[in-house]
Structures are given as C-alpha cells and as structure tokens.
Amino acid sequence: MKSYYIRIYTTERCWPNERKLRYEFSKYDITLDDLKTALVKRMGNLGLHYRAKRHIYEAKSVEELVQGINNNTRFKLDVRVFES
C-alpha cells in the first residue's frame, strides 16, 4: 500500500503552456485501483473525456498513468508517491 499526493491541472486551448490548478488532494494507504477511481471521480467534474478515462483504466503503473494523461490529454498530473 502506498500514499499519494496528487495535483490535477488543466491546460487551455488558447494557452497550451499555461496550467491551471484544479484539484490538489492526498490519498493514504491505497492501491493503484483506488487511485484510479479517485482520479476518475475528480476529473469527471472537469469534463473528463473518453481518451483520459481510457488512459486511466489501461495503466499498469503510476508512471504509465501520469505519462499517458500528460502526453495525450488536456489534463496534467503531478503525482508524488510515499511508501507507507
């Protein structure tokens, strides 16, 4: 079980290099599947796209999840992992 500190940013179409912080939260002693569920819930409030949801559910690790979201969607994730 690991603990995570997550920041979710969005980028605007007209200013792609500008990031706006939308959510900042921590999750303690959870599995990767629980982390995926928490991300879907919070990103759903921001207009989650099918593409982002697919990257979340198909990821096998936190690194793969962050890379897929950051490179292929308008969302940007900053995830810090803490061992419990």
**Asked** What is the gain in length, in nm to one decimal, between Phe25 and Glu58 on full extension, counting 0.36 nm per residue of separation less the C-alpha to C-alpha distance?
**Response** 9.7 nm
**Request:** Taking only Cα atoms and a 10 Å spring cutoff, compute GNM fluctuations for the chain and point out the largest among Ile56, Ile30, Ile69.
**Result:** Ile30
**Fill in**
Ranked on Cβ counts within 10 Å of their own Cβ, fewest leading, Tyr4, Tyr50 go Tyr50, Tyr4
**Request:** Can you tell me the 0 to 90 degree angle between the C-alpha axis of helix 62-72 and the longest principal axis of the chain, rounded to 10?
**Result:** 10 degrees
**Fill in**
Fewest to most Cβ atoms within 10 Å: Phe75, Phe82 sort as Phe82, Phe75
**Item:** Prolate/oblate/rounded label for region 2-83 (Cα gyration tensor, a/c 1.5)
**Value:** prolate
**Request:** Compute the length gained on full extension between Leu46 and Glu12: take 0.36 nm times their separation in residues and subtract their Cα-Cα distance, giving the result in nm to one decimal.
**Result:** 11.0 nm
**Message:** For Cα pairs less than 8 Å apart in space and 6+ apart in sequence, what is the mean separation divided by the residue count of the chain, i.e. the relative contact order in percent?
**Reply:** 42 percent
**Complete:** Toy charge model, Lys and Arg Cβ at +1, Asp and Glu Cβ at -1: the chain dipole around Cα centroid in debye, rounded to 20, equals 380 debye
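Readers should treat all values here as calculations from the given coordinates under stated rules, not as data from a laboratory. What you are looking at is a predicted structure, and each value in this text was computed from that prediction instead of being measured. Cβ coordinates were reconstructed from backbone atoms using ideal geometry, including for glycine residues, and neighbour counts include every protein chain displayed.
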